[in-house]
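The values are calculated or read from the model by the stated rules, or taken from the named source; none is laboratory data. Predicted, not measured: the structure shown is a model, and the values here were computed from it. Every residue, glycine as well, gets a Cβ built from its backbone with ideal geometry; the counts of neighbours run over all protein chains shown. Heads up: the accessible areas ignore ligands, DNA and RNA and are worked out on the full protein's heavy atoms, side chains in. Shrake-Rupley method; radii C 1.70, N 1.55, O 1.52, S 1.80 Å.
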Amino acid sequence: MEKYLGKKNLAVFISGRGSNLKSLLKFTSKKNSSTKIILVISSNPNAIGLKYAKKYKIKNYGIKFSKKSSFENQSLKLLKKNKVDILCLAGFMKILSGSFIKKFAKPILNIHPSLLPKYKGLNTHERAIKNKDKFSGATIHLVTQKLDSGKIILQKRVKILKSDNVSSLRKKILKIEHEIYPKAIAKFITNL
Ligand code: GAR
């Protein structure tokens, strides 16, 4: 008989709108999901995205990032206390320290709006359009101490049309982000 391992506990860090959080909540709240979101932390206490955590009655906290060490210490306590197995960054616009990554000592996933290793950091759509790239996309990767450089778990590309601008490209990519982040988590879990 197969051993029942139970659901993995996920925490999600956000900073703003939270549309990826919304898609993850929708996916993980399915009955047969192998994961459940048990904690949401925003680096901005006024983030609109916190409303999704409230709607799904998930523990949520807004912790100011103005003092990084204080944000990280408070978050680490919450992650440990809630027995979080995997941390998912979803529109989390801050950089976690090496010490945080080491102390958490569990996998951290991130979604990035480009075809990594292209366009690490900010303004990815602007750069793809400016360079007249034919494709862009989104990447789910493991977080390491080097910005946007950890092992890639899943990537999907979209075509950049001549008629595209930054805003239309952002919209197209956000749509595939909502599709691939849940898939990447499922894939990651099966390989654990
Ligand atoms: C998403 O496009 C995500 O890929 C990006 O911010 C947006 C957040 O949207 N993340 C990064 O640029 C991280 N470097 P959301 O708050 O609606 O999920």
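Does segment 65-86 contain any residue that is at pLDDT below 95, more than 16 Å from the ligand (Cβ to nearest atom) and at positive phi? No, that holds for no residue.
Here is a yes/no grid of residues against (1) in contact with an Asp or Glu (Cβ under 9 Å, 6 or more places away or on another chain); (2) closer than 30 Å to residue 81 by Cα; (3) of a type in the set (A, V, I, L, M):
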site	(1), (2), (3)
101	no, yes, yes
126	no, no, no
129	yes, no, yes
143	no, yes, yes
154	no, yes, yes
159	no, no, no
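Helices (runs of 4 or more DSSP H) fully within segment 93-192 that include at least 2 residues being in contact with a His (Cβ under 7 Å, 6 or more places away or on another chain) and either closer than 19 Å to residue 27 by Cα or open to solvent by 30 Å² or more (accessible area, probe 1.4 Å) (or both): 166-190. Within segment 75-92, being open to solvent by 80 Å² or more (accessible area, probe 1.4 Å) and either farther than 28 Å from residue 7 by Cβ or in a loop (DSSP other than H, G, I, E, B) (or both) holds for one residue alone: 83. Restricting attention to segment 27-59 and to residues that are of a type in the set (Lys, Arg) and more than 13 Å from the ligand (Cβ to nearest atom), the residue that is nearest to residue 84 (Cα to Cα) turns out to be 36. Of the residues in segment 173-185, none is at pLDDT 95 or above and away from the ligand (no atom under 16 Å from the Cβ). Being more than 16 Å from the chain's Cα centre (by Cα), touching a residue at least 12 places away in the same chain (Cβ under 8 Å) and closer than 18 Å to residue 49 by Cβ holds for only one residue in 109, 78, and it is 78.
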